[in-house]
Amino acid sequence: MTDIISWVATIATIIAASMTAANLGSRVTGYGFVIFTIGALCWIFVGVMTHQPALLWTNVVLTILDLFGIWRWLGRQTKVEEGARAASQASEATPGESLFAVSLLSRAPVMSAETELGRCIDGMAGCSSGRLSYVVVSQGGVAGVGETLRRVPWHRVKAEGETISTPISRDEFEQLEILPRDQWSAR
(Lines give C-alpha, C1' and ligand atoms only; values in the text may rest on other atoms or scores of the structure.)
Protein backbone atom coordinates (compact mmCIF):
# COMPACT_ATOMS: atom_id res chain seq x y z
CA MET A 1 0.00 0.00 0.00
CA THR A 2 2.77 2.46 0.88
CA ASP A 3 4.44 1.79 -2.47
CA ILE A 4 1.28 2.80 -4.35
CA ILE A 5 0.78 5.89 -2.15
CA SER A 6 4.44 6.92 -2.63
CA TRP A 7 3.99 6.68 -6.43
CA VAL A 8 0.83 8.80 -6.22
CA ALA A 9 2.79 11.34 -4.15
CA THR A 10 5.67 11.34 -6.62
CA ILE A 11 3.42 11.80 -9.65
CA ALA A 12 1.34 14.49 -7.90
CA THR A 13 4.49 16.40 -6.92
CA ILE A 14 5.88 16.29 -10.47
CA ILE A 15 2.57 17.45 -11.99
CA ALA A 16 2.18 20.22 -9.40
CA ALA A 17 5.74 21.45 -9.90
CA SER A 18 5.17 21.56 -13.67
CA MET A 19 1.94 23.52 -13.24
CA THR A 20 3.43 26.13 -10.92
CA ALA A 21 6.69 26.48 -12.88
CA ALA A 22 4.82 27.00 -16.16
CA ASN A 23 3.38 30.29 -14.85
CA LEU A 24 0.15 29.89 -16.82
CA GLY A 25 -1.89 32.19 -14.61
CA SER A 26 -3.32 32.31 -11.14
CA ARG A 27 -5.86 29.52 -11.59
CA VAL A 28 -3.38 26.99 -12.97
CA THR A 29 -0.84 27.91 -10.29
CA GLY A 30 -3.55 27.62 -7.62
CA TYR A 31 -4.58 24.18 -8.83
CA GLY A 32 -0.90 23.26 -8.86
CA PHE A 33 -0.88 23.97 -5.12
CA VAL A 34 -3.98 21.80 -4.69
CA ILE A 35 -2.11 18.94 -6.33
CA PHE A 36 0.98 19.71 -4.21
CA THR A 37 -1.28 19.33 -1.15
CA ILE A 38 -2.47 15.92 -2.33
CA GLY A 39 1.15 14.86 -2.83
CA ALA A 40 2.19 16.15 0.61
CA LEU A 41 -0.71 14.33 2.29
CA CYS A 42 0.35 11.12 0.56
CA TRP A 43 3.93 11.64 1.75
CA ILE A 44 2.64 12.19 5.30
CA PHE A 45 0.85 8.83 5.09
CA VAL A 46 4.05 7.16 3.83
CA GLY A 47 6.08 8.83 6.60
CA VAL A 48 3.70 7.54 9.27
CA MET A 49 3.47 4.02 7.85
CA THR A 50 7.24 3.63 7.36
CA HIS A 51 8.28 5.43 10.57
CA GLN A 52 10.15 8.24 8.83
CA PRO A 53 9.71 11.35 11.03
CA ALA A 54 11.76 13.62 8.72
CA LEU A 55 9.50 12.76 5.76
CA LEU A 56 6.42 13.20 7.93
CA TRP A 57 7.33 16.61 9.40
CA THR A 58 8.73 17.99 6.17
CA ASN A 59 5.41 17.31 4.49
CA VAL A 60 3.36 18.65 7.41
CA VAL A 61 5.18 21.96 6.90
CA LEU A 62 4.80 21.69 3.10
CA THR A 63 1.06 21.08 3.50
CA ILE A 64 0.75 24.33 5.46
CA LEU A 65 2.71 26.16 2.74
CA ASP A 66 0.57 24.53 0.05
CA LEU A 67 -2.61 25.70 1.78
CA PHE A 68 -1.17 29.23 1.82
CA GLY A 69 -0.43 28.86 -1.92
CA ILE A 70 -4.02 27.78 -2.57
CA TRP A 71 -5.34 30.84 -0.72
CA ARG A 72 -2.80 33.11 -2.45
CA TRP A 73 -3.49 31.95 -6.02
CA LEU A 74 -7.09 30.67 -6.01
CA GLY A 75 -8.36 33.13 -3.43
CA ARG A 76 -6.58 36.46 -3.36
CA GLN A 77 -4.93 36.64 -6.80
CA THR A 78 -7.96 35.34 -8.66
CA LYS A 79 -10.15 37.98 -6.99
CA VAL A 80 -7.62 40.73 -7.82
CA GLU A 81 -7.62 39.65 -11.48
CA GLU A 82 -11.43 39.49 -11.53
CA GLY A 83 -11.54 43.01 -10.05
CA ALA A 84 -9.19 44.34 -12.72
CA ARG A 85 -11.19 42.59 -15.47
CA ALA A 86 -14.46 44.03 -14.15
CA ALA A 87 -13.01 47.56 -13.99
CA SER A 88 -11.70 47.21 -17.54
CA GLN A 89 -15.08 46.05 -18.86
CA ALA A 90 -16.99 48.73 -16.93
CA SER A 91 -14.68 51.45 -18.25
CA GLU A 92 -15.73 50.63 -21.81
CA ALA A 93 -19.29 51.73 -21.00
CA THR A 94 -18.31 55.01 -19.35
CA PRO A 95 -17.24 58.30 -20.91
CA GLY A 96 -13.51 58.79 -21.37
CA GLU A 97 -10.68 56.47 -22.12
CA SER A 98 -11.11 52.74 -21.51
CA LEU A 99 -8.83 51.17 -18.89
CA PHE A 100 -6.81 47.99 -18.87
CA ALA A 101 -4.95 46.19 -16.10
CA VAL A 102 -1.24 46.92 -16.38
CA SER A 103 -0.56 43.30 -15.39
CA LEU A 104 -1.74 42.48 -18.92
CA LEU A 105 1.71 43.66 -20.07
CA SER A 106 3.29 40.65 -18.41
CA ARG A 107 1.14 37.93 -19.99
CA ALA A 108 -1.00 38.99 -22.94
CA PRO A 109 -0.72 37.52 -26.43
CA VAL A 110 0.26 40.12 -29.02
CA MET A 111 -1.97 39.78 -32.07
CA SER A 112 -1.65 41.23 -35.55
CA ALA A 113 -4.53 41.10 -38.00
CA GLU A 114 -3.10 37.86 -39.33
CA THR A 115 -1.71 35.93 -36.37
CA GLU A 116 -0.24 35.87 -32.88
CA LEU A 117 3.20 37.49 -32.99
CA GLY A 118 4.27 36.53 -29.48
CA ARG A 119 3.52 37.25 -25.84
CA CYS A 120 3.94 40.56 -24.08
CA ILE A 121 6.28 40.06 -21.12
CA ASP A 122 6.74 43.63 -19.86
CA GLY A 123 6.58 47.30 -20.69
CA MET A 124 8.67 50.39 -20.01
CA ALA A 125 7.04 53.61 -18.77
CA GLY A 126 8.15 57.12 -17.88
CA CYS A 127 8.82 57.64 -14.16
CA SER A 128 7.02 60.98 -13.85
CA SER A 129 4.51 60.82 -16.69
CA GLY A 130 3.53 57.18 -16.33
CA ARG A 131 3.28 57.03 -20.13
CA LEU A 132 4.26 53.75 -21.70
CA SER A 133 7.19 53.96 -24.08
CA TYR A 134 7.30 50.41 -25.40
CA VAL A 135 6.34 46.82 -24.68
CA VAL A 136 8.64 43.83 -24.82
CA VAL A 137 7.32 40.89 -26.80
CA SER A 138 8.71 37.37 -26.48
CA GLN A 139 8.71 35.34 -29.66
CA GLY A 140 9.55 31.66 -30.08
CA GLY A 141 11.37 29.41 -27.67
CA VAL A 142 10.04 27.15 -24.98
CA ALA A 143 9.59 28.45 -21.42
CA GLY A 144 11.93 31.35 -22.17
CA VAL A 145 14.69 29.20 -23.64
CA GLY A 146 15.51 30.23 -27.19
CA GLU A 147 13.08 33.14 -27.21
CA THR A 148 13.68 36.41 -29.04
CA LEU A 149 12.69 39.64 -27.31
CA ARG A 150 11.49 42.51 -29.49
CA ARG A 151 10.74 46.12 -28.63
CA VAL A 152 7.37 47.35 -29.92
CA PRO A 153 6.66 51.09 -29.50
CA TRP A 154 3.56 51.72 -27.41
CA HIS A 155 2.01 53.94 -30.10
CA ARG A 156 1.98 50.83 -32.37
CA VAL A 157 -0.08 48.66 -29.99
CA LYS A 158 -3.36 48.82 -28.12
CA ALA A 159 -4.90 46.82 -25.30
CA GLU A 160 -8.12 45.06 -26.32
CA GLY A 161 -9.70 42.84 -23.69
CA GLU A 162 -7.13 40.24 -22.69
CA THR A 163 -4.86 40.80 -25.69
CA ILE A 164 -2.51 43.42 -27.08
CA SER A 165 -3.23 44.15 -30.75
CA THR A 166 -1.06 45.79 -33.37
CA PRO A 167 -1.35 46.61 -37.07
CA ILE A 168 2.25 45.38 -37.53
CA SER A 169 2.57 42.47 -39.96
CA ARG A 170 4.70 39.43 -39.14
CA ASP A 171 7.37 40.59 -41.62
CA GLU A 172 7.49 44.07 -40.08
CA PHE A 173 7.57 42.54 -36.60
CA GLU A 174 10.57 40.41 -37.57
CA GLN A 175 12.40 43.63 -38.49
CA LEU A 176 11.83 45.31 -35.10
CA GLU A 177 14.72 45.84 -32.70
CA ILE A 178 15.84 42.70 -30.89
CA LEU A 179 16.49 43.29 -27.21
CA PRO A 180 19.20 41.46 -25.33
CA ARG A 181 17.62 39.80 -22.29
CA ASP A 182 19.63 41.96 -19.86
CA GLN A 183 19.99 45.30 -21.71
CA TRP A 184 16.80 46.93 -22.90
CA SER A 185 16.56 50.27 -24.65
CA ALA A 186 16.61 53.39 -22.47
CA ARG A 187 14.08 55.09 -24.75
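The values are calculated or read from the model by the stated rules, or taken from the named source; none is laboratory data. As the structure is a computational prediction, the values presented were derived from the model and not from experiment. Here the Cβ positions follow ideal geometry from the backbone for every residue, glycine too, while neighbour counts run over all protein chains shown. Each accessible area value is taken on the protein alone, full model and side chains, heavy atoms only, with ligands, DNA and RNA left out. Shrake-Rupley method; radii C 1.70, N 1.55, O 1.52, S 1.80 Å.
Quick notes on this structure:
- Fraction of accessible area attributable to carbon and sulfur, the chain (%, probe 1.4 Å): 63
- Sequence-ordered 3J(HN,Hα) estimates for the stretch 122-137 from the Karplus curve with 6.51, -1.76 and 1.60 and θ = phi - 60° stand at 5, x, 10, 10, x, 5, 8, 7, x, 6, 6, 9, 7, 10, 10, 10 Hz, glycine and proline given as x.
- Per DSSP, loop trypsin sites (Lys or Arg not before Pro) in the stretch 97-142 with at most 12 further Cβ within 10 Å: R131
- Its residue count N sets the reference 2.2 N^0.38 Å, and the alpha-carbon radius of gyration of the stretch 21-79 equals 1.24 times that reference.
- When the charge dipole of the stretch 39-120 is built from unit charges on Cβ atoms (+1 for Lys and Arg, -1 for Asp and Glu) and taken about the Cα centre, the candidate among T78, L99, A40 whose Cα reaches farthest toward its positive end is A40.
- Legend: calculated FRET efficiency, R151 to A93, from the Cβ-Cβ distance at R0 = 41 Å, rounded to 0.05, equals 0.80.
- The chain, relative contact order in percent, only Cα pairs under 8 angstrom and at least six apart counted: 13
- For the stretch 22-90, the per residue solvent-accessible surface stands at 60 Å², with DNA, RNA and ligands left out and a 1.4 Å probe.
- Net charge contributed by nearby residues that have their C-beta within less than 14 Å of T115 (K/R +1, D/E -1): -3
- Here, the stretch 1-53 yields an orientationally averaged convex hull projection of 3.4 nm² when only Cα atoms define the hull.
- Of the two radii for the stretch 61-187, the radius of gyration is 1.03 times the Kirkwood radius, both from the alpha carbons; that is the Rg over Rh value.
- Sum of side-chain charges, L74 neighbourhood, beta-carbon under 13 Å (Lys, Arg +1; Asp, Glu -1): +1
- Label-point separation, T58 to S103 (7 Å along Cα→Cβ), nm: 3.3
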